[in-house]
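Structure first, commentary second.
The values are calculated or read from the model by the stated rules, or taken from the named source; none is laboratory data. Every value quoted in this text rests on a predicted model; they were computed, and no experiment measured them. Glycine gets a Cβ as well: all are built from the backbone with ideal geometry, and neighbour counts include every protein chain shown. Quick note on the areas: whole protein, heavy atoms, side chains included, nothing else; ligands and nucleic acids left out. Shrake-Rupley method; radii C 1.70, N 1.55, O 1.52, S 1.80 Å.
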Amino acid sequence: MQKLSLNQTLLQKLSPQQIQFIKLLQIPTAELDARIKEELEMNPALEEGAEEIQKSEYESDMEDDADYDERHASNDDIDIESYLNQDELSGYKMYGDGSFGNDDEDREYPVATRLTLVDSLYQQFGFLNLTDQQRYLGLHLLGSLEGDGYLRRPLKAIASDLVFTQGIYTSEQELESVLKKVQSLEPAGIGARDLQECLLLQLRRKDQRDLIVQLALQIIEHYFEEFSKKHYEKIQKRLNMSQEEARQVLNMIIRLNPKPGSVEGDDNGAQYLTPDFILSSHNGKLVVSLNSRNAPELRVNRTFAEMLDTYHKSDKTNRHIRETVTFVKQKLDSAKWFIDAIKQRQATLMRTMNAILKYQYDFFEDGDETKLKPMILKDIANIIEMDVSTVSRVASSKSIQTEFGLYPLKYFFSEGISTESGEDVSSREVKNILRELIESEPKRKPFSDDKLEKLLNERGYNIARRTVAKYREQLNIPVARLRKQI
């Protein structure tokens, strides 16, 4: 016999405007312009306007979502007056917050114009003297490279793909031959299938008559496993190297690039160095403004809105006219939702950034890292009375331009560590000290995590060994055994 029971579940349903707002909130200013252009292309009821903007309902404080949804919920009764009201049709310019928000209009922000790795490789490959078959295979190999410049797919698998998907018959030997052509391109090491091959490709570009180059090649080719484990003394004895030769060889190898793809960058396009906020000082007071360089004026298209009045006065019993009226109203609603979402985005950005500024004011005065306070997402969420997820969306993709550099907002968030005096310090401060300790350690006998723990404790930082290991890994610093040098 089955037992029946009732379960009550609470579900939260987001309104279309809330979804619009969330999507807009998480994109950086550099991408906002493209998003606005996309909306302008999709919605004829939305347009850009350069004339003087009058004060409108949309420039007052945001209405709460419940009131907004109730006001626009019905599609049956269309209030024509609401669309023809002059204030409703006024534009909304996406200004920054505060009286100093327009300064950034005249600023010039650099845009990277360099070639990407992919562009550079294809350009170089085009100058090679190859047959049509080799060129096709080479382009396929280039397309199979990963972001760091490695070719990790086996040549056998690539050959099979070419047969089944392109009808191109080739062999591993032929692909190997073409891969050698790809590996001749710049940067050196590109197209390698593993780290060992990557280092060998770079060393083979050097002067082969140089004894240090010859020794480095022998080490990577025949003693790579020992080298990766830093068994330098064993390698030195086997190759009968002097102390000075061993030092020079080691210095040459560690200067090679383990990720040749990073030479040109991992991105597939230009990098926009556009900050989302500008921090400036006015009469000794720090002021934050939004960067509105990529923000055109937006308004509801009056001509499109007047179409609604024209159709509304027509024969309402005509099915086609009713459908047209519904379509026009939906587009007008969508335009207003988008404008409201843009405004809400800006208000949220400013509330969040001002809270961060107030919390970390001492740091923003002179850029001294030691003045950063421990701060987590919840701290800012409590101040601005918003959800932690909202703060996370702002912090994860936004940046601020200061007099001492461009900082991502996530830079200012860190957990706290207690000191012997009972004060909380930022984990970033502890990481900086940890880095200093490792940089000043004896190179022949690096500090273990246990030793680093003791040294930090001696300085008054109550930190466990596992936390030391975590911070060391976050700093991309290897364990003591791998830091050992001859």
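Within segment 398-430, restricting attention to residues that are at pLDDT below 80 and part of a helix (DSSP H, G or I), which residue is nearest to the chain's Cα centre (by Cα)? It comes out as Arg428. Just one of (1) among the small types (Gly, Ala, Ser); (2) more than 30 Å from Ser427 (Cα to Cα); (3) at pLDDT below 85 fails for Gly367. It is (2).
On the given criteria, is Lys336 at pLDDT 85 or above, open to solvent by 40 Å² or more (accessible area, probe 1.4 Å) and in a helix (DSSP H, G or I)? Against the criterion (at pLDDT 85 or above, open to solvent by 40 Å² or more (accessible area, probe 1.4 Å) and in a helix (DSSP H, G or I)), Lys336 does not qualify. Based on what the data block shows, is Lys454 farther than 28 Å from Gly284 by Cα, at pLDDT 85 or above and not in a helix (DSSP H, G or I)? When the stated conditions are applied, Lys454 does not pass them.
Looking only at segment 123-143, count every residue that is open to solvent by 30 Å² or more (accessible area, probe 1.4 Å) and touching a residue at least 12 places away in the same chain (Cβ under 8 Å) and tell me the total. Talk me through it step by step, then tell me what you get.
First pass over segment 123-143, keeping only residues open to solvent by 30 Å² or more (accessible area, probe 1.4 Å): 123-124, 126-129, 131-136, 139-140, 143.
Keeping just the survivors that are touching a residue at least 12 places away in the same chain (Cβ under 8 Å) gives 124, 128, 133-134, 136, 139-140.
Within segment 123-143, residues that are open to solvent by 30 Å² or more (accessible area, probe 1.4 Å) and touching a residue at least 12 places away in the same chain (Cβ under 8 Å) number 7.
Within segment 18-37, the set of residues being more than 14 Å from Asp340 (Cβ to Cβ) and open to solvent by 70 Å² or more (accessible area, probe 1.4 Å) comprises Gln26, Glu31, Lys37. Could you list all residues from segment 14-55 that are among the charged types (D, E, K, R) and at pLDDT 55 or above? Those that are among the charged types (D, E, K, R) and at pLDDT 55 or above: Lys23, Glu31, Asp33, Arg35, Lys37, Glu38, Glu39, Glu41, Glu47, Glu48. Taken over segment 360-387, residues that are open to solvent by 60 Å² or more (accessible area, probe 1.4 Å) and part of a helix (DSSP H, G or I) amount to 10.
What number of residues within segment 388-401 satisfy the criterion of being farther than 22 Å from Leu286 by Cα, buried (at least 16 other Cβ atoms within 10 Å of the Cβ) and β-branched (Val, Ile, Thr)?
Looking only at segment 388-401, we keep the residues that are farther than 22 Å from Leu286 by Cα, and these are 388-390, 392-393, 396-397.
Retained after the next criterion (residues that are buried (at least 16 other Cβ atoms within 10 Å of the Cβ)): 390, 392-393, 397.
Applying the additional criterion that residues be β-branched (Val, Ile, Thr) yields 390.
Of the residues in segment 388-401, 1 are farther than 22 Å from Leu286 by Cα, buried (at least 16 other Cβ atoms within 10 Å of the Cβ) and β-branched (Val, Ile, Thr).
Checked against (1) among the aromatic types (Phe, Trp, Tyr); (2) at pLDDT 75 or above; (3) assigned to a loop (DSSP other than H, G, I, E, B), Tyr122 passes all but condition (3). From the list Ile219, Ile190, the lone residue that is among the β-branched types (Val, Ile, Thr) and under 36 Å from the mean Cα position of the chain (by Cα) is Ile190.
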